[in-house]
Structure formats: C-alpha cells, structure tokens
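Worksheet for the structure shown next.
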Amino acid sequence: MDRYSHVLGGLLGVACGDALGGTLEFLSEAEGRIRYGYLKDIIGGGCWDLEPGEVTDDTMMTIAVAEGILDNPENPVKYIGERFINWYNSGPKDIGNIINLALSAYAECGSWEIAAASAHGFNEGISAGNGSLMRCIPVALYYKDPDIMIKVTEGQSKLTHYDDKATRACIFYNKLVSGYLKGESKITFLKEMLSDYPEYSKVLNISKCNLKSSGYVVDSLMSALWCFINTNTFEEAVCEAVNLCGDADTVGAITGGLAGAYYGADAIPVRWSEKILVKDKLTELAQRIASQELGDGS
C-alpha cells in the first residue's frame, strides 16, 4: 500500500468519524440506542442539525493544520494559527469551549501564548480538552523526521491548549501514527509506546463499560485506543467509537484518523467516504502531503 493511501486514510478517517459521530453528539449511550440503535451510517442531524456528510470543527481544524503546514513547512505554527483564525472568523456552527476562548482571546491580544493561558485561566485551570488532539494528525502524516514532528505537534497544541496533558496526548497519538505509517504492528508497537505513556496503559485491560467518551483528552484518547485495538477493521473501530456517544464526533474523529492511517483509504467504506462534503479538499491535501519532500528533514 502506498504512502498516499495511508495519508488519505488518516485525513478521510477523521472526517468519517466526525460526520458519523456528529449524529450522536452529547447523547448518553442509552439515548443513542433508543434513537438510532447501533449507528453505522452517516445520516446527519443531531444537535448541530448536520447535513449527511457535513463535518464539524474536528475536521475543519484538521484541514487548517494541514494547510498551515503546507503554507510554510519549515515554520508552520504561525501559519496554522492564521488558518485557525480564518476558520473562526467564518462563523462555524460548532466550536469547542477552550478553542473558542483561546481564539477569541487571540483576536483581542494577538499573542497565542497569552491567548492559551487566558483560556486556561478563564476555564478555572482546566484546559486538558481534546480539541488539539482531534486536529493534530496532519503533522504526523507530513513530517518524517521524529524531532520535527514532535516539535510541530507540540506547537499546534499550545496555540490553544495550555495544559501539558493535551500536548502529551497529541505527541503520543502522532508517534503512533508515524509508526503505523512505517508499517509497525498494531498491538506490539502500542505496547512499546505505552512504556513512555503509562497513564494510558490500562487501555490493554479496561472493560468497554468503563470507557468515558468525554471531552477530557485522556478519556478521549483512551476510548479511541480501545476501539482501535479491540477491532479488526476501520469500520468496526469507528462504529465502536461513535456509539459510545458523549463526545461522539471527536472520539470518532480521533479513532478514524488513527485507524485510517493504519488501514489505508481503501479500508474506509465507500458509503461513508462518498458522502463527506469536504472529500475533494481532503483528497487534494493528501496528494500534496504525500508528494512532499521536506518531511524527511531534508
């Protein structure tokens, strides 16, 4: 399988998880079952009244990260921030609380460091949300040099999320993606990585009923990892993730990105991918990322 398939799988995987999960956003698992059964199709609706295939902030900010990298691969964080502001000014229907606070603060002060700290303080010292994790995968898809990848991953997270837990989750996630792009074994590689990220080690033995599909970044990544390692296909992983309900679009997006990068674009159900309204944009970005040369650090 060529690199392009894995890159497109990562980007399109985010969008499919996002669009599928948007229907179940903010519902309890019991409410989701009553209304939709076990959701397997992208039908839109939900709290945002989505069109079938419409995506939310998860995918749109992922696009912003990818575009910022392509704007200036050698120094992308400033350009990623500019893309965030352009998206914010477009009046999106869905924007997370911490990101909203940070972007509105940046509009006033013009400093990302101050903006992130302000959002952290305004939210009573709680900024370990999943908003920087949901969008970070383009960094791993682009940069082959691990040091550059880690630096940019941290930089994009710190634009809005002051808490180191958010940064740490992004780096862990992108290290996994980078490894899977190189052909690492799903479970063996994860176990190796867990030695550096022990806060996630219980994912190997936690029961599904104890997962928390919340906006807290540790909960979100734990749920996504569980769904990825306890299934055998892209579709199974994403369906398990979104049907946890709660923060379904973001947990779905995180799972979809990881599974898509691992399995490749051909593993994504056509009945999902053909509905994604921003598919052409994601395809264009994947082509540009997959053809890049700078990502190897040269």
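Odds and ends about this structure:
- Residue list for the stretch 16-59, filter: closer than 20 Å to P92 by Cβ, crowded, with 18+ Cβ neighbours inside 10 Å, touching a Phe, Trp or Tyr at 6+ places or on another chain (Cβ under 9 Å) and not hydroxyl-bearing (S, T, Y): C16, A19, L20, G22, L24, E25, I42, G46, G53, E54, D57
- In the stretch 212-230, the qualifying residues are those that are outside any helix (DSSP H, G or I) and touching a residue at least 24 places away in the same chain (Cβ under 8 Å), and the one that is surrounded by the most Cβ atoms within 10 Å (Cβ to Cβ) is S213.
- Residues that are among the polar types (S, T, N, Q) and within 15 Å of G264 (Cβ to Cβ), drawn from the stretch 218-240: N232, T233
- Residue within the stretch 190-209 that is in a helix (DSSP H, G or I), modelled with pLDDT under 95, of a type in the set (G, A, S) and surrounded by fewer than 19 Cβ atoms within 10 Å (Cβ to Cβ) present: no
- Total residues in the stretch 176-199, condition of a type in the set (A, V, I, L, M, F, W, C) and in contact (Cβ under 8 Å) with a residue 40 or more places away in the chain: 4
- Residues that are farther than 22 Å from V55 by Cα and out of contact with any helix residue (DSSP H, G or I) (no Cβ under 6 Å at 6 or more places or on another chain) are absent from the stretch 273-288 altogether.
- The listed residues are D280, D247, and the only one of them that is in contact with a Ser or Thr (Cβ under 6 Å, 6 or more places away or on another chain) and farther than 21 Å from M149 by Cβ turns out to be D247.
- Look at the stretch 162-174: where a residue is within 21 Å of I114 (Cβ to Cβ) and a partner is outside any helix (DSSP H, G or I) and among the β-branched types (V, I, T), sitting 6+ places away or on another chain with Cβ atoms under 9 Å, you get D163/I126; A166/T160.
- Of Y162, Y142, Y173, all but one fail to be of a type in the set (F, W, Y) and within 18 Å of L103 (Cα to Cα); the exception is Y162.
- Just one of the numbered conditions (1) closer than 23 Å to A290 by Cα; (2) assigned to a loop (DSSP other than H, G, I, E, B) is not true of L11: (2).
- Scanning the stretch 171-185 for residues that are among the small types (G, A, S) and not in a helix (DSSP H, G or I), we see that the one that is nearest to V139 (Cα to Cα) is G183.
- All told, Y88 meets the bar of being more than 14 Å from the chain's Cα centre (by Cα), surrounded by 19 or more Cβ atoms within 10 Å (Cβ to Cβ), within 18 Å of K158 (Cβ to Cβ) and of a type in the set (S, T, Y).
- Restricted to helices (runs of 4 or more DSSP H) entirely inside the stretch 237-298, no element has at least 3 residues that are β-branched (V, I, T) and surrounded by fewer than 22 Cβ atoms within 10 Å (Cβ to Cβ).
- The single condition among (1) surrounded by fewer than 17 Cβ atoms within 10 Å (Cβ to Cβ); (2) β-branched (V, I, T); (3) under 30 Å from E74 (Cα atoms) that V152 does not meet is (1).
- Any hit, the stretch 60-74, residues being within 16 Å of M134 (Cβ to Cβ) and of a type in the set (S, T, N, Q): yes
- Among the helices (runs of 4 or more DSSP H) confined to the stretch 44-158, the ones with at least 3 residues that are under 30 Å from H6 (Cα atoms) and not small (G, A, S) are located at 57-71, 77-89, 137-142, 146-158.
- Test result for I80, closer than 20 Å to L221 by Cβ and either without any contact (Cβ under 8 Å) to a residue 60 or more places away in the chain or buried (at least 18 other Cβ atoms within 10 Å of the Cβ) (or both): no
Residues checked against (1) within 19 Å of I63 (Cβ to Cβ); (2) touching a Leu at 6+ places or on another chain (Cβ under 8 Å); (3) at pLDDT below 95:
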residue	(1), (2), (3)
S111	no, no, no
E124	no, no, yes
G129	no, no, no
I137	yes, yes, no
I148	no, no, no
Q156	yes, no, no
Y162	no, no, no
L176	no, yes, no
G179	no, no, no
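The values are calculated or read from the model by the stated rules, or taken from the named source; none is laboratory data. Computed from a prediction, not measured in an experiment: that's the story for all the values here. Virtual Cβ from ideal backbone geometry, glycine too; neighbours counted across all protein chains shown.
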